[in-house]
Amino acid sequence: MLNLIKMDLYRLFKSKPFIICLAISALLALASTPIEKAFSLLAAALAGEGAADLFDKQEKMSAILLSPLFPGSFGAILPFISLVSYYNADIEHGYIKNIAGQLPARGLTVFSKFFATIPHNLIFMCVGVLLNILGTMFLRTIVWDAEVASALGTFFIKLLLMQSVATLLVFVVSTLRLKSLGAILAVLMGSPMMTIVYGLISTLLERVGIKNFSLSDYMPDAILCETQPEILTAILSALIFGAIFLALAIRVFDRRDVK
Amino acid sequence: MAYILETMALTKMYGQKAAAKDINMHIEEGKIYGLIGRNGAGKTTIMRMISGLSTPTSGSYSLFGETGLKMKRMLKNVGVLIEHPGLFPKLSGYENLKIKCLGLGIKPKGYVEELMKTVGLKPEDADKKAGSYSLGMRQRLGIALALIGEPKLLVLDEPINGLDPQGIVEVRRILARLRDERGISVMISSHILDELSKLADVYGIISEGCLIDEFTTDELESRTGLCVMIRSGEGQKTLDALKGIGITKAAIDKEGLVRVEERLEETAAMAEAIIRAGIPLHEIYHRNATLEDYYLSKTGGNVNA
């Protein structure tokens, strides 16, 4: 299993879509604060207000860590686009045929892809946060506040949420071999359209008795509240969602023939 | 006799259609098994099942004497090249090989270079992108991929398809060397029966999902002897004319020649019957039957092998 993960990691780091998406993500993260500031200045100028107070504002480190995963909806799409491309590559090119048959269970290939996704998501998140810090440092002073530790915890919950979304993508792309649907889902993740879907799911959940649960609150780019029940619900949601789709992906992949 | 691969009533259904039905085939250690059949006969389906890429609908098979769960562990000894080499075109030949090495826990350094040498790829090809490889180079790289992990059985589906004559000879030499020097067994399918006959030790004929015959080269020689070949203007009419004098063991080959396998001494009577039927007769001669002739006789004269 470790060997398969090593193989998938090597393939991931050789994947051009991963490098391209990461580079764009990094640029967006770096530019987000200056762009945001430029818009604030413009808005202030248009309103005839003074802009001096916009400079030298302090920014809390915890706020950066808690801010949406990637600035702007386009930024949220990128890691998922990279994942869809990565999950699909070995199937599209037929490379999977070289190795799937030699394993005791074909589903192991799905399992190893899932594990290789952890560093993928971690890299995207770390690069996003680090470059966001760097971009902020050009214009603002970052202060290390008391809430950094809990913000870091939230950061890892976001990683968990992202990982659970990845299981949905691995199921759709690798197991069902629906690359287009995977790409659509990846795009929808960062689109306002998804709010409608989240709303529908929440309504359905309410009908089956799960009340006060809004799926949009537990997507990787959501701003999480830091209350304990909220955090617990987020962790549980990620684990249940991830486990269901991972188990489904492995089971179905094992049963389906490799083409 | 102990076989490294033995299938027991192996069947694969797609809906109501049987792509492979009750297949009972046998491969001995260190032998090359040639699988023959027309397009859609079920060759690839069988190869997919025995290489673990597809699950049989019913029936079973043993690998290296093991069945059930133990057999699944034996699948690591089966290298496969199905339909076309599965390669990442944007990665180099070396990287393509390295990926599978990592997956199987093999240190790629030195190993990959040796593999490339085995299949006749030059060291300077290692860094070229697989997408820029010629068809022959891609097939060789595909064979190299199948060889990773020192498999004892290679399953190669049409590995010489689309190759130029030199490429075909090179692949044949590689496979013969693997069998002779490493004792690797090979299951190979090909449409080029003449080429297959230079390589295989055992043959299996697949027709409409069924294994209709399995024989060794020695058995082929004893079954195929002399035959009469007739070149005429009209193959089907020639068959009808021959039927008129009671000759029924005749078929049209892919070059349009009529091949007769009975009453071989009666060439004069055959010629007379053809001419009487008003068919232009260009040539009539004796020839030793080939694998192709035998295949055609078994499949009822289908020329699309």
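The simple Förster model, with R0 at 51 Å and r as the Cβ-Cβ distance, assigns B:K198 and A:A243 a FRET efficiency of 0.40.
Measuring nothing but alpha carbons in the stretch B:226-288 and taking Rh as the Kirkwood radius, the Rg to Rh ratio lands at 0.89.
Multiply the residue separation of B:E272 and B:A9 by 0.36 nm, subtract the distance between their alpha-carbon atoms, and state the gained length in nm to one decimal.
Numbers: separation 263, 0.36 × 263 = 94.68 nm, distance 4.80 nm.
In short, 89.9 nm is gained.
Calculate the tail of P(r) for the stretch B:22-82: the fraction of all Cα-Cα distances greater than 17 Å, expressed in %. Pairs farther apart than 17 Å: 41 percent.
To the nearest whole percent, what portion of all C-alpha pairs in the stretch B:116-253 is separated by more than 22 angstrom? Before the final figure, lay out the partial values.
Details: 5069 of 9453 pairs.
The proportion of pairs with Cα distances above 22 Å equals 54 percent.
Relative protection proxy for B:211-221, A:28-38, from highest mean packing down: A:28-38, B:211-221 (other beta-carbon atoms within 10 angstrom).
Which order do the peptides B:245-254, B:179-188 come out in when sorted by mean C-beta neighbours inside 10 angstrom, highest first? Walk me through the numbers on the way to the answer.
Details: B:245-254: 15.9, B:179-188: 18.6.
Output ranking for B:245-254, B:179-188: B:179-188, B:245-254.
Go ahead and run the numbers for FRET between A:D145 and A:I24, Cβ-Cβ distance against an R0 of 30 Å, rounding to 0.05.
0.50
Averaged over peptide B:88-96, how many Cβ atoms belonging to another chain are found within 10 Å of each residue's Cβ? If you can, show how the numbers build up before the last one.
Details: counts 9, 1, 5, 7, 1, 0, 0, 3, 3.
Mean partner-chain Cβ count within 10 Å for B:88-96: 3.
Extending 7 Å from Cα along the Cβ direction at B:I245 and again at B:S60 yields two label points whose distance is 5.6 nm.
Using square roots of five times the C-alpha gyration tensor eigenvalues, list the equivalent-ellipsoid semi-axes of the stretch B:124-201 in whole Å, biggest first.
20, 16, 10
Residues of the stretch B:60-104 with an amide N closer than 20 Å to a point placed 7 Å from the Cα of A:E92 along the Cα-to-Cβ direction: B:84-93, B:95-97, B:99-100.
Just the ratio, please: alpha-carbon radius of gyration of the protein assembly as shown over 2.2 N^0.38 Å, N its number of residues. All intermediate terms of the calculation are to be shown ahead of the outcome.
On the way: Rg = 31.9 Å, N = 564, 2.2 N^0.38 = 24.4 Å.
Scaled against compact globular proteins, the figure is 1.31.
Spatial offset of the stretch A:83-135 relative to the stretch B:31-92 amounts to 26 Å, using the alpha carbon center of each. Length gained on full extension, A:I235 to A:F13, computed as 0.36 nm times the residue gap minus the Cα-Cα distance: 77.1 nm.
Give me D for the stretch B:208-254 in µm² s⁻¹, whole number, from Stokes-Einstein with Rh from the Kirkwood sum over alpha-carbon pairs, 20 °C and 1.002 mPa s. Taking Rh from Cα pairs, D becomes 162 µm²/s.
The alpha carbon radius of gyration of the stretch B:35-176, expressed as a multiple of 2.2 N^0.38 Å, is 1.08. Among the residues of B:146-159, the average count of other protein chain beta-carbon atoms within 10 Å of the residue beta-carbon is 1.
Here chain B is treated as a sphere whose radius is the Kirkwood value from Cα pairs; by Stokes-Einstein at 25 °C and 0.890 mPa s it diffuses with a coefficient of 117 µm²/s. Taking the inverse of the mean 1/r over every pair of distinct Cα atoms in the stretch B:6-45 gives a Kirkwood hydrodynamic radius of 11.3 Å.
For B:47-56, what's the mean count of beta carbons from other chains sitting within 10 Å of each residue's beta carbon?
4
A short reminder: the numbers here are calculations on the coordinates, not readings from a lab. In this text, all values refer to a predicted model and were calculated from it rather than measured experimentally. Cβ atoms come from the backbone with ideal geometry, glycine included; neighbour counts cover every protein chain shown.
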